[in-house]
1. At 15 angstrom or more along the helix axis (alpha-carbon based) and mean Kyte-Doolittle of -1.0 or higher, what helices does the chain contain? Whole DSSP H runs only.
2. So how far, in whole Å, is the C-alpha centre of the stretch 1-40 from the one of the stretch 47-83?
3. Step through the table entries LYS99/LYS200; LYS61/LYS419; LYS269/LYS423; LYS383/LYS406; LYS179/LYS283; LYS338/LYS368, compare each Cα-Cα distance with 31 Å, and write down the pairs that go over it.
4. At 7 Å along Cα-to-Cβ for each site, give me the label-to-label distance between LYS419 and LYS406 in nm.
5. Out of every Cα-Cα pair in the stretch 108-234, what percent are more than 24 Å apart?
6. Can you tell me the mean projection area, over all orientations, of the convex hull of the chain's alpha carbons? Units nm², please.
7. Provide the percentage of antiparallel DSSP beta bridges, counting only those with both residues in the chain; round to the nearest 5.
8. Restricting to DSSP loop positions (anything but H, G, I, E, B) with no more than 10 other Cβ atoms inside 10 Å of their own Cβ, which chymotrypsin sites (Phe, Trp or Tyr not before Pro) remain in the stretch 62-120?
Amino acid sequence: MKIGLEVHVALPTKTKLFCSDLAYENQEEPNSNVCPVCLGLPGAKPVLNQNALDISARIAKALNCEINEKTWFVRKVYFYPDLPKGYQITQLDGAIGIKGYVDLNGKKIGIRRVQIEEDPARIIREKDYSLIDFNRSGVPLNEIVTEPDITSLEELKNFIEELRSILYYQGVNINQELKTDLNISLAEKRVEVKNVTGVKNLISAAEYEIKRQSVLIKEGKKINAETRSYKEDSNETVSSREKETEEEYGFTFEPDLTFYDTTKLTIPKAVIASNIAKELADKNEYNEKTIRELILFNRRNLSLLTSISKEEFKKGVSLIEKFASFGIEDYSEQEFRKMLDKDVSSIEKEGFLQLLGRTNKSEKKADKTEIEAGIKEMLSSDKTLFDRGIKDEKAMNFMIGEVKEKYHITGKEAADFIKKVIKGMLNN
Ligand SMILES: [Zn+2]
């Protein structure tokens, strides 16, 4: 059995790939976050978001790719309503990353390519008409193309978990629904299941295809090389007539953009949490599976568990579990340290909170100067946000949301305070 994937993932940039519209996922008014570039109007010229280039290089490196010294873009030409300029700007030979791999406990799953591309607009299908929302148009994506090295359903699950963890530590929002094309062949003929949304559906689609193709083989029937689509409601894949095959797309060099030199990018060493879990398990003689569960998708847990000694380790793990079981999410490293010295093995929540120096009613409040510093940093790191924030209610709400999430603050009073601080800074 051979399985290969093309995984599409949205990058954590504030603005879109080729224009300065905000790129965050939103439920706002359709077609409100658009400009001539992402609407694809004639004559509008793309300008590459440097941040998207940086993040893509980091992701490619984390996937053990070689980084192309010069990276460039192509137009993938096709006609579809979600792409009114008639082509999608993407990468091919000039992809940012090539020839990488993901290490699954010693087995390497090849990464053929990591490429940067723009998301098309969203098509909303109604009963007898369709609508288009361009808010998503131009959102930066990475397409991660694997070699067909995955050989079982179990391996597919492991690969996806590992990939998501690597992406999480590159700042990617892993709560987004990954969009995946799944290539799967039990015999020589290759079957592609296009546009599977979400991990759960990906696994179900693979499961269904494995069953379907095995039955055909058992019955001595032949498997067609074809494109299929996954139907979530009936949990099956069905043959679909595709708009084109890959060979039929026209690819041409994108002359509105240039060659980008990647040799000057500084790419920090990637955090591979599963490797760290292994090291922690060895070093502390502790169960690897438990550590994996705690750190694969949790920066704070990783930081806490790598900062304690072997003697403290067992207690540290149960303390993290204790915090979680009491639903306390907003604790600091200092609070963790403080509790590490105390015996909390059989303590109830109330006693725990008391030891922590908190009572049930007054949850910890983020420090005001801390919040102010955070806002300052956000505004200075993003000029667009700064410019838009002054006149734009949506940008303002976005910023308030970011701050609230970062400092785990809730409530209207806090929101008003944050707004006041932001306004004060914008006016200066
Ligand atoms: Zn735009």
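1. Numbers: long enough: 50-62 (18 Å, 0.02); 153-168 (22 Å, -0.06); 199-218 (28 Å, 0.00); 273-284 (16 Å, -0.74); 310-325 (23 Å, -0.51); 368-381 (20 Å, -0.32); 393-406 (20 Å, -0.64); 412-427 (22 Å, -0.07).
Membrane-span-like by this criterion, though nothing is claimed about a membrane: 50-62, 153-168, 199-218, 273-284, 310-325, 368-381, 393-406, 412-427.
2. 13
3. Long pairs (Cα-Cα over 31 Å): LYS61/LYS419; LYS269/LYS423; LYS179/LYS283.
4. Inter-label distance under the simple model: 1.9 nm.
5. Values: 2988 of 8001 pairs.
Tail fraction, whole percent: 37.
6. Over every viewing direction, the Cα hull of the chain projects on average to 25.2 nm².
7. On the way: 53 of 57 bridges.
If I count the DSSP bridges inside the chain, around 95 percent turn out antiparallel.
8. Taking the stretch 62-120 and a limit of 10 other Cβ atoms within 10 Å, the loop chymotrypsin sites (Phe, Trp or Tyr not before Pro) found are PHE79.
Values quoted throughout were computed directly from the atomic coordinates according to the rules given, and no laboratory measurement underlies them. If you're wondering where the values come from, they're calculated on a predicted model, not measured in any experiment. Ideal geometry is used to build each Cβ from the backbone, glycine not excepted, and the neighbour counts take in all protein chains shown.
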